[in-house]
Amino acid sequence: MADGIGQTLRTVEIRPPSVREETLNVVKAAAAIVFIVAAYVFRPVFSAPDIAAPALGLLPYQKLIRDASPAEQRIYRELQEGLLEAERMRAQTGQWPDIKTLEAEGIPPFASDPTQKITYTWTSVRQDWATNYLGVPTDVTQPAWVLVILEPEPGAPADPAPNDETHHRLPDGTTLHVSIWNIPEEKRRSGFAALRLPQNEGWTNWLVGNAQ
């Protein structure tokens, strides 16, 4: 039909979508919503780090003590305690205590302990600015242990490293570099000279965290 100015009008019939089409559209929308919600909810699981993965920052000769055997973990804890006691004596006397002194004070692991299934013969070795406390097992199938303490050489600049498991600071400000190591007894080659770099002789450095 035309109006008075020559334009043609058309009538368009608008029909609602069929039930099938409407149902399909609803299903698609619902699926999209479910996908978005699922992606949001499970995103932390996909992106979370694997807590069982090896700790980053460890060097080839370093391991976490949590992965060691119970017997190794016990010796490690006792060496940590012994280290703190030895540092206390060093601060008081200016000298690192020998094994007899540590034994007399009942300080583990140097003192005899009837509950300890593995027995060790402990010796202290000092050379220049390195002090070692070396434990050799009576059972050669068990690992040997060494506590390595390195003091700064005279005239060396102060070490600015913060206190952590490998850096201990004495009351006079002396920063010590300390570490705990073990090695299968049949592979041990040292013991008569103080170790400075045990990793060069195949020793394993045990850590609580990943400090270096």
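Odds and ends about this structure:
- Taking the criterion of being among the aliphatic types (A, V, I, L, M) and surrounded by 15 or more Cβ atoms within 10 Å (Cβ to Cβ), the residues of the range 161-207 that qualify are Leu176, Val178, Ile180, Ile183, Ala194, Leu195, Leu207.
- Unmet requirement for Glu103, which otherwise passes all of (1) part of a loop (DSSP other than H, G, I, E, B); (2) over 27 Å from the mean Cα position of the chain (by Cα): (1)
- Any hit, the range 188-207, residues being part of a loop (DSSP other than H, G, I, E, B), of a type in the set (A, V, I, L, M, F, W, C), under 18 Å from Glu72 (Cα atoms) and under 27 Å from the mean Cα position of the chain (by Cα): yes
- Residues satisfying the stated conditions in the range 79-100, i.e. over 28 Å from the mean Cα position of the chain (by Cα) and among the aliphatic types (A, V, I, L, M): Met89, Ala91, Ile99
- In the range 67-92, of all residues being in contact with a helix residue (DSSP H, G or I) (Cβ under 8 Å, 6 or more places away or on another chain) and assigned to a helix (DSSP H, G or I), the one that is nearest to Leu176 (Cα to Cα) corresponds to Ala86.
- Selection of the range 109-118 for residues being crowded, with 16+ Cβ neighbours inside 10 Å and either touching a residue at least 24 places away in the same chain (Cβ under 8 Å) or within 21 Å of Thr204 (Cα to Cα) (or both) yields Pro109, Phe110, Ile118.
- Of all residues making up the range 175-189, the number that are free of Cβ contacts under 8 Å to residues at least 40 places away in the same chain and under 24 Å from Trp122 (Cβ atoms): 5
- Neighbours by Cβ (under 9 Å, 6+ apart or cross-chain): first from the range 123-152, more than 17 Å from Ala71 (Cα to Cα) and assigned to a strand (DSSP E or B); second modelled with pLDDT of 95 or more and among the basic types (Lys, Arg): Thr131/Arg90; Ile149/Arg90
- Annotation note: of Gly155, Gly106, the sole residue that is in the same structural domain as Arg74 (by TED's automatic domain parsing), loosely packed, with under 11 Cβ neighbours inside 10 Å and within 20 Å of Ala91 (Cα to Cα) is Gly155.
- Some residue of the range 191-204 being farther than 28 Å from Ala91 by Cβ, of a type in the set (Asp, Glu) and without any contact (Cβ under 8 Å) to a residue 24 or more places away in the chain: yes
- Residues being acidic (Asp, Glu) and closer than 21 Å to Glu186 by Cβ - total across the range 110-155: 1
The values are calculated or read from the model by the stated rules, or taken from the named source; none is laboratory data. No experiment lies behind these values; they were computed from the predicted model shown. In this analysis, Cβ positions are derived from the backbone assuming ideal geometry, glycine residues included, and neighbour counts consider all displayed protein chains.
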